[in-house]
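> For reference, the structure I am asking about is given below.
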Amino acid sequence: MYENIVHLIECISLVHQEGAIDCVSCDAQFHCWAEQAASGADLRAILPDVVAHLEVCPECREEFEAILCILRAQQSGLLDEPQESS
Amino acid sequence: MTDRSNDEWLADLRADGDMQAEAINDLKHRLDRGIYYYLSRERSDLSGLSETELQHMADDMAQDSVLRVLENLDSFRGDSQFTTWAIRIAVRVAISDLRRARYRDFSLDDLTADGDFLPASANPVAGTKPPSPERAAEQADVLDKIREALADVLTERQFQALYAVGVKGVSIDAVAVELGTNRNALYKLLHDARRKLRQHFEDEGLSMNYMLRLFQE
């Protein structure tokens with residue numbers, strides 16, 4: 001019954017501090033941060049503004065996770081050989 | 001496929017003839033693999049597509065991505081592996097395509113045409129356990145305050161964007177197109193709307209945790 005209200009309140013709750021990073025800045029640096037994350041860096045510790053942005057911006061989060069997914073597959077050698085039929 | 005340093009990628013992609021053709025082919029092959037992996041393993045919304053359909057989709061996206069990479073070669077600053085930078089571009093191409101397809105028929109006007117999205121009262125729907133009279137009164141009071149805040153604190157544009165993105169989960173990119181703006185500007189508009197509402201509710205003595213608890217039965 002209150003699904004819309006709960007979504008609205010959750011959305012408002014996610015607002016982060018002024019000065020946090022925006023979408024354009026995120027996009028311009030995603031490749032660097034994804035490499036750091038793929039090598040095991042704790043982004044929450046070293047880039048808290050980025051993590052704060054990713055928590056409230058589903059678009060940026062989706063793109064960052066996609067880059068990370070491909071990098072990890074690459075690191076694991078999953079992209080070296082033809083994909084098996086599933 | 002040849003392993004290349006960043007400088008070699010740049011030099012080969014800027015070269016003429018066979019050297020450039022080979023580099024373009026290697027890049028496309030690499031991006032194709034990455035995109036296909038992402039589409040086939042991470043996108044549950046595409047699970048109804050066959051392997052062949054996914055491969056065609058990945059091929060098209062990789063082709064577009066290579067063109068985008070070539071157009072933007074001068075902007076590569078060498079702050080990552082060249083291929084990671086190219087993957088970032090490919091991901092943007094792929095996900096933008098998927099979002100365009102998903103929201104092809106989306107209309108912000110249609111979404112907000114229903115008017116008030118808040119329940120008219122705090123009365124429970126059939127089949128749900130009714131709240132106590134005290135809780136129902138509390139919910140009705142807070143509902144009124146939320147309704148007032150949305151009308152008084154937000155602009156029409158902020159309300160439309162917040163409703164579409166925050167309540168209905170529509171892609172920011174799709175809403176940005178509808179509002180004739182871009183993702184970054186819309187993100188800032190949403191940020192302002194959230195901040196103003198949060199401040200307003202806090203000034204009214206309504207914390208986010210309190211309101212969530214009140215409506216999460």
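> On a 0 to 90° scale, report how tilted helix B:17-42 is relative to the longest principal axis of chain B, with both axes built from alpha carbons and the result rounded to the nearest 10.
Here the helix axis deviates by roughly 30 degrees.
> Which percent of Cα-Cα pairs in chain B sits in each 5 Å bin, short to long?
1, 6, 11, 12, 11, 11, 11, 9, 8, 7, 5, 4, 2, 1, 0, 0
> Using a simple charge model, +1 on the beta-carbon of Lys and Arg, -1 on the beta-carbon of Asp and Glu, nothing else, what dipole does chain B show about its Cα centre, in debye to the nearest 20?
Numbers: 28 positive and 39 negative charges, 106 e Å.
In debye, rounded to 20, chain B gives about 520.
> Another question about this same structure. Which of rounded, prolate, oblate describes the range B:141-217, given a ≥ b ≥ c as roots of the alpha-carbon gyration tensor eigenvalues and a/c under 1.5 marking rounded, otherwise prolate only if a/b is larger than b/c? Working shown, then result.
Numbers: a/c = 2.33, a/b = 1.88, b/c = 1.24.
Prolate, because a/c is 1.5 or more and a/b exceeds b/c.
> Between the range A:59-76 and the range B:1-39, what is the C-alpha centre distance in whole Å?
First find each Cα centre; the distance between them is then 19 Å.
> I'd like to check one number: the per residue accessible area of chain A, probe 1.4 Å, reported in Å² as a whole number.
Numbers: 4090 Å² over 86 residues.
Here the residues of chain A average 48 Å² of exposed surface.
> Calculate the mean, over all residues of peptide B:188-198, of how many other protein chain Cβ atoms lie within 10 angstrom of the residue's Cβ.
4
> Mind grabbing the interface size between A and B? I mean buried accessible area, both sides, 1.4 Å probe, in Å² to the nearest hundred.
Its buried surface, counting both partners, is about 4900 Å².
> So, one more: With a ≥ b ≥ c taken as the square roots of the eigenvalues of the C-alpha gyration tensor of chain A, please select rounded if a/c is under 1.5 and otherwise prolate if a/b is larger than b/c or oblate if it is not? Mind showing how you got there, number by number?
Working: a/c = 2.95, a/b = 1.57, b/c = 1.88.
In terms of gyration-tensor shape, oblate.
> Tilt of helix B:51-71 relative to the longest C-alpha principal axis of chain B, in degrees (0 to 90, nearest 10)?
So the helix axis and the longest Cα principal axis differ by about 80 degrees.
> Additional query: Would you mind working out the accessible area per residue for the range B:142-213, using a 1.4 Å probe, and quoting it in Å²?
Details: 3160 Å² over 72 residues.
Result: 44 Å² of accessible area for each residue.
> Write down Rg/Rh for the range B:6-102, rounded to two decimals, with Rg from the C-alpha atoms and Rh from the Kirkwood relation over Cα pairs. Numbers along the way, then the final one.
Values: Rg = 13.9 Å, Rh = 13.9 Å.
Result: Rg/Rh = 1.00.
> On to the next question. So what's the back-of-envelope 222 nm ellipticity for the protein assembly as shown, counting only DSSP H runs of four-plus at -39500 (n - 2.57) apiece and dividing by all residues, rounded to 500?
On the way: 15 runs with 203 residues, N = 303.
Calculated from helices alone, the mean residue ellipticity at 222 nm is -21500 deg cm²/dmol.
> Expressed as a whole percentage, what fraction of the accessible surface of chain B belongs to carbon and sulfur atoms when a 1.4 Å probe is rolled over the protein heavy atoms? Write down the numbers at each step before the final one.
Details: 5130 of 11420 Å².
On chain B, the fraction of accessible area on carbon and sulfur atoms equals 45 percent.
> Also, quick follow-up: Using Cα pairs under 8 angstrom and six or more residues apart, how large is the relative contact order of the range A:19-75, in percent? Intermediate results must be reported in sequence, preceding the final value.
Details: 36 pairs, mean separation 25.3, N = 57.
Reported as a whole number, the value is 44 percent.
> When only alpha-carbon atoms count, how far does the protein assembly as shown stretch along each of its three principal axes, as whole angstroms with the largest first?
Taking the Cα atoms of the protein assembly as shown, the three principal extents are 77, 41, 36 Å.
The values are calculated or read from the model by the stated rules, or taken from the named source; none is laboratory data. Predicted model, so just to flag it, every value in this text is computed and none were measured. All Cβ positions, glycine included, derive from the backbone under ideal geometry; neighbour counts span all protein chains shown. Accessible surface areas use protein heavy atoms only, side chains included; no ligands, DNA or RNA. Shrake-Rupley method; radii C 1.70, N 1.55, O 1.52, S 1.80 Å.
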